[in-house]
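Written out below as structure tokens is the structure these notes cover.
Each reported figure results from applying straightforward, stated rules to the coordinates on display, with no laboratory input. All values reported here derive from a predicted model rather than from experimental measurement. Glycine also receives a Cβ, built like all others from the backbone with ideal geometry; neighbour counts cover every protein chain displayed.
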Amino acid sequence: MNRQYDVVVIGAGPAGLLAAGKAAKEGARVLVLEKMEKPARKLRITGKGRCNITSLKPLDEFLAEIKPEPRFLRDAFGEFFSNDIIELIESQGVDVVIERGQRVFPKSGKAWDVAEALIRWAKGLGVSIVCHATVTAINLTNNSISSVAYNANGEHLVQCGSVVLAAGGKSYPATGSTGEGYLLAEKCGHRITPLRPTLVGLESNPVYGGASGLILKNVNLSVFVDGKKVSQEFGELDIMPYGLSGAIVLRVSREVVDFLNDGRDVELEIDFKPALDHEKIDNRLLREIEGNPKMGMIDLARKLLPKQLAEIMLDELEIAFQKIVSRASSDDRKLIRLWLKEKRFRVTGYRPWNEAIVTAGGVSLKEVNPHTMESKLVKGLYFGGEVLDLDGATGGFNLQIAYSTGWLAGKSAAATR
Ligand SMILES: Cc1cc2nc3c(=O)[nH]c(=O)nc-3n(C[C@H](O)[C@H](O)[C@H](O)COP(=O)(O)OP(=O)(O)OC[C@H]3O[C@@H](n4cnc5c(N)ncnc54)[C@H](O)[C@@H]3O)c2cc1C
């Protein structure tokens, strides 16, 4: 057959770029089709514009951050892991720094630089990237890849030996990841496990609209399902107009979304002062009162919390702001202690796809060979990145899944020439 390309890669995100570059490195003629106006739109906004490139956690700890089947990644991580992506990015002139929690960022602080480095690397290996090209069909003959149809100012058909489907998930659709990859996979006979937004903010009751925008560091969060504690996280909490977000909420969001979808009752308990037990808080309150017996309760509350939260706490506890602290009863102090240590929020929902960082669910791993990333149903069809039923916690895990699965898919796709 007169093939124009050996490998066609669908999607120029991190998975697609790694697949394309690796396949080209192996000598394949590679075309990447990307529907947006430029490659790697999502990558450019990762990590609040700074891109948490990967994590330097050792393999076992790394795998523990991944759901639902981390073992599926053993070969992909064996082929290409965190040190490899760092080396690749640095080879393109982008230095990295390691921050708290073994998270890796570009030294420049610009996700854009990481995206450009990957594009430069792939193009340098001879990869062709066509933008404004939306893939509409993967065509098969006798259950093997024959061609890919795409729309780019008209309909086009490209003959190829293999395809890497790296079209991403469904979250942040404005970046191009609109879930089309799942439809393309489904048309090839693949099963898609239920898709859910994850790493997503949680809607709550109460909502602290007056404190929205507030970021609280070193907070403890416990998740209660039907009254039973199921997990706990420590770190940053963001107060949002709809409820709660921030690193600790994102980390628990995966299980919370599933519990909510199962109709379970979910509450989050916030400990605003995890370093102080009840006794220490009481001693602190008594010291403050003794030191300034004439101040109002609001001044006392402000010594423990930012202004907006201090006001919300006293409102909720129905304690007058101007009540003189020397008149505070032991009950008042107890109410304050309980609020600070055990404030409960009922979770009423989660934010929509356009605010979710990652998609949970995707192409069923049962139908993909973990040694090659090849479909077990269609010869010459490979998968890479978020389109697969894999997702990680915040901290650079999701991008590493994309690079590693993309790399292995590209290597295997090139070998089927
Ligand atoms: C706001 C935000 C911040 C994030 N921060 C981090 C972080 O700091 N660290 C981290 O590890 N992860 C982070 N992530 C997650 C990470 O960005 C994704 O998991 C990762 O980009 C997935 O890579 P991918 O290549 O599989 O898919 P994508 O990056 O989504 O790329 C898929 C590409 O396919 C293209 N495409 C889709 N359909 C078609 C079609 N039919 N034809 C042609 N092209 C198509 C899309 O336009 C897109 O360019 C963040 C995500 C978001 C939304």
Please state which of the following conditions ILE248 fails to meet, knowing it meets all the rest: (1) outside any strand (DSSP E or B); (2) of a type in the set (Val, Ile, Thr); (3) in contact with a helix residue (DSSP H, G or I) (Cβ under 8 Å, 6 or more places away or on another chain). (3)
Scanning segment 270-289 residue by residue, those touching a helix residue (DSSP H, G or I) at 6+ places or on another chain (Cβ under 6 Å) and not in a helix (DSSP H, G or I) turn out to be ASP271, PHE272, LYS273
Does LYS38 count as within 13 Å of the ligand (Cβ to nearest atom), farther than 17 Å from THR405 by Cβ, of a type in the set (D, E, K, R) and over 14 Å from the mean Cα position of the chain (by Cα)? yes
Give segment 82-123 a look and list any residue that's crowded, with 18+ Cβ neighbours inside 10 Å and part of a loop (DSSP other than H, G, I, E, B), or say none. VAL94
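Residue by residue, here is whether (1) of a type in the set (A, V, I, L, M); (2) surrounded by fewer than 23 Cβ atoms within 10 Å (Cβ to Cβ); (3) closer than 22 Å to LEU43 by Cα holds:
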{"site": "LEU165", "(1), (2), (3)": "yes, no, yes"}
{"site": "PRO206", "(1), (2), (3)": "no, yes, no"}
{"site": "GLY246", "(1), (2), (3)": "no, yes, yes"}
{"site": "GLU269", "(1), (2), (3)": "no, yes, no"}
Could you tell me whether THR405 is assigned to a loop (DSSP other than H, G, I, E, B) and surrounded by 21 or more Cβ atoms within 10 Å (Cβ to Cβ)? no
Picking from SER212, SER222, SER144, SER177, which residue would you name as being among the small types (Gly, Ala, Ser), away from the ligand (no atom under 15 Å from the Cβ) and crowded, with 17+ Cβ neighbours inside 10 Å? SER222
